[in-house]
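Trainee: Handing you a structure now.
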Amino acid sequence: MLETAAALTVIAVLLAWPVPMLLARAAWPARAPATALVAWQAIALAGGLAMIGAPLSLAVAGYGDDLVRGLAGLVRAIVAGRAPASAMVLLAVAALLGLWLVGHLVVTLVQVARQRRRHAVLLQLLSSAHPTRAGARVIEGSAPVAYCLPRGSGSATVLSRGLLDLLDADELDAVVHHEDAHVRQRHDILLVAFRAWHSALPRFPVAALAEGRVAELVEMLADDRARRSIADAVLARAIHRVGEVGSASSAAAAARRAARLSAPPLAASERAAVVLGSVALVTVPTLWIALPALAGAGG
Amino acid sequence: MPTTLGTLERSVMDLLWSTDESRTVYELRDLLPDPAPAPTTLLTVLARLEKKGFVAAERSARPHRYRPVASRAEHMAELMHDVLVDSGDRRAVLERFVGGVSADDAATLRRLLDGTG
């Protein structure tokens, strides 16, 4: 189990800094946003599991050849009052890390649900149904904004008066298709998960970086879905027009999103390699420490 | 036309927002378009709006008088703040077509908020 603990520590360190930095700097994610999102999820999940698994396997080292038997052995030793303090501290560290991460996920889910509920109440009183677009709501306001409030079956796409004045009918179609994609593909679940990861590790720059990148990739994914029914040039025009009105940083992000529309998508073989690597990142260490037979055969 | 509680809440708020006076449930019933809802229905709607923080009741008067807690423009500003400001703790609440404004980009925010409500 000592080798396992060492291996998990190495994995945790790699996934906490160099691997996400490489992914954040890479250019290919803009050409394969769905694939890049799989990679980000694998990094976050495998990183979290390795972070918990490293102290856990160190704690149970000497009580069994694999995690299950080792944990059973340690629990028996604790009950009998024979467990060393070091093992109990390591076990507590692993348990607290797990609780910390899960706790932040739960708190974030509750917070976001409450904020969405409040926003939905405001919308109900302050917006009106769009005269022709089914399901779309209109708010009076000169800032050109379009967004969706994801609430499962109660999701709403909201357009401002300023946006209706700014865009022509085709561009508006592009915006609505983009927002529909967010609702249909449940992008809000991903955003909340990475929001929770960031709130659990607030001083950890990679968590902030990951949240930002995931948010940007989700926009690209929604663009790609909209492109099935909307010409690239129309979508690019809509992105430019809305982006220009906001801040410099939102204009820059809009320019990146428009520019990628003319780049070829990543080759299928490269996408498959990333997905396979991501699946392996999560499953191999987990199976290694959880499956007694595998761990017994491997050391 | 069937009126749901939701659309009734909207009509009641529009009436309360349109004047500086507080209103009784009977005044509201008379101001609403036909078919006017029953006073008990209106009381339910007002109780819901009070619970959500949109309406305050003056219970010293008989019948109770109701007034809005804040103006329509103030609630609109709250809504637009959700939409426009990219403060970290609210980022996952909604998904914008193009990203919002960071909380310290005050000038852009003021420009965008001007003319709302």
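Trainee: What are the DSSP H helices in chain B that stretch 15 Å or more along their long axis, judged by alpha-carbon atoms, and whose average Kyte-Doolittle hydropathy comes to at least 0.5?
Mentor: On the way: long enough: B:5-17 (18 Å, 0.54); B:39-51 (18 Å, 0.43); B:72-84 (18 Å, -0.17).
Helices passing the filter in chain B: B:5-17.
Trainee: Where the eigenvalues come from the Cα gyration tensor of the protein assembly as shown, what are the semi-axes √(5λ) of the equivalent ellipsoid, largest first, in whole Å? Show your work: numbers first, answer last.
Mentor: Working: eigenvalues 473, 181, 56 Å².
Those come to 49, 30, 17 Å.
Trainee: Could I ask something else about it? Segment A:198-299: which trypsin sites (Lys or Arg not before Pro) are DSSP loop and have at most 11 other beta-carbon atoms within 10 angstrom?
Mentor: A:ARG203, A:ARG228
Trainee: Another one. Once R0 is set to 45 Å, what does the formula 1/(1 + (r/R0)^6) return for the Cβ-Cβ distance between A:ALA263 and A:LEU291, expressed as a FRET efficiency to the nearest 0.05?
Mentor: FRET efficiency, A:ALA263 to A:LEU291: 0.60.
Trainee: Roughly how crowded by other chains is peptide A:148-155, in terms of the mean Cβ count from those chains within 10 Å of each of its Cβ atoms?
Mentor: Per residue, the average neighbour count from other chains is 2.
Trainee: Which is farthest toward the positive dipole end of chain B among B:LEU32, B:SER22, B:ALA61, measuring Cα position about the Cα centre, with Cβ charges +1 (Lys, Arg) and -1 (Asp, Glu)?
Mentor: B:ALA61
Trainee: Calculate for chain A the 222 nm mean residue ellipticity that helices alone would give, adding -39,500 (n - 2.57) per DSSP H run of length 4 or more and normalising by residue count, nearest 500 deg cm²/dmol.
Mentor: Per the formula, -24500 deg cm²/dmol.
Trainee: Which value, in debye to the nearest 20, gives the size of the charge dipole of chain A about its Cα centre, when Lys and Arg are +1 and Asp and Glu are -1 at the Cβ?
Mentor: Result for chain A is approximately 540 debye, rounded to the nearest 20.
Trainee: Let me ask another. Pop a pseudo-label 7 angstrom from the Cα along the beta-carbon direction at both B:ARG62 and A:ALA80 and give the gap in nm to one decimal.
Mentor: Modelled inter-label distance: 7.9 nm.
Trainee: Moving to a separate point now. For the protein assembly as shown, what is the percent of antiparallel DSSP beta bridges, rounded to the nearest 5?
Mentor: 75
Trainee: Right, here's the next one. Out of A:ALA39, A:SER155, A:LEU71, whose Cα points farthest toward the positive end of the dipole of the protein assembly as shown (charges: +1 Lys, Arg; -1 Asp, Glu; placed on Cβ)?
Mentor: The listed residue farthest towards the positive side: A:LEU71.
Trainee: In µm²/s, what is D for segment B:72-113 at 4 °C and 1.567 mPa s, where D = kT/(6 pi eta Rh) by Stokes-Einstein and Rh is the Kirkwood radius from Cα pairs?
Mentor: It comes out at roughly 122 µm²/s.
Trainee: In whole Hz, with x marking every Gly and Pro, tabulate ³J(HN,Hα) for segment A:20-36 from phi via Karplus 6.51 cos²θ - 1.76 cosθ + 1.60, θ = phi - 60°.
Mentor: Whole-Hz 3J(HN,Hα) from phi for segment A:20-36: x, 5, 4, 5, 5, 8, 5, 8, 5, x, 5, 8, 8, x, 5, 5, 5.
Trainee: Pop a pseudo-label 7 angstrom from the Cα along the beta-carbon direction at both A:VAL89 and A:MET21 and give the gap in nm to one decimal.
Mentor: Here the modelled spin labels are 3.0 nm apart.
Trainee: Here is a further query. With angles folded into 0 to 90 degrees, how steeply does helix A:169-184 sit against the dominant principal axis of chain A? Use alpha carbons for both and round to 10.
Mentor: 20
Trainee: Based solely on C-alpha atoms, express the radius of gyration and the Dmax of segment A:63-153 in angstrom.
Mentor: Final numbers for Rg and Dmax: 25.6, 74 Å.
Trainee: Let me know the volume per residue of the alpha-carbon convex hull for segment A:89-238, in Å³.
Mentor: Here the figure is 131 Å³ per residue.
Trainee: Using the alpha-carbon atoms, what tilt in degrees (0 to 90, nearest 10) does helix A:248-259 show relative to the longest principal axis of chain A?
Mentor: That helix lies at roughly 90 degrees to the long axis.
Trainee: Taking the simple approach of a point 7 Å from Cα along Cα-to-Cβ for both A:VAL106 and A:ALA273, what is their distance in nm?
Mentor: Once both label points are built, they end up 4.2 nm from each other.
Trainee: Starting from one equal scatterer on each C-alpha and no solvent at all, send me the Debye-based log10 I(q)/I(0) for chain B at q = 0.10, 0.11, 0.17 Å⁻¹, two decimals.
Mentor: Reported log10 I(q)/I(0), two decimals: -0.42, -0.49, -0.86.
A short reminder: the numbers here are calculations on the coordinates, not readings from a lab. Computed from a predicted structure; not experimentally measured. All Cβ positions, glycine included, derive from the backbone under ideal geometry; neighbour counts span all protein chains shown.
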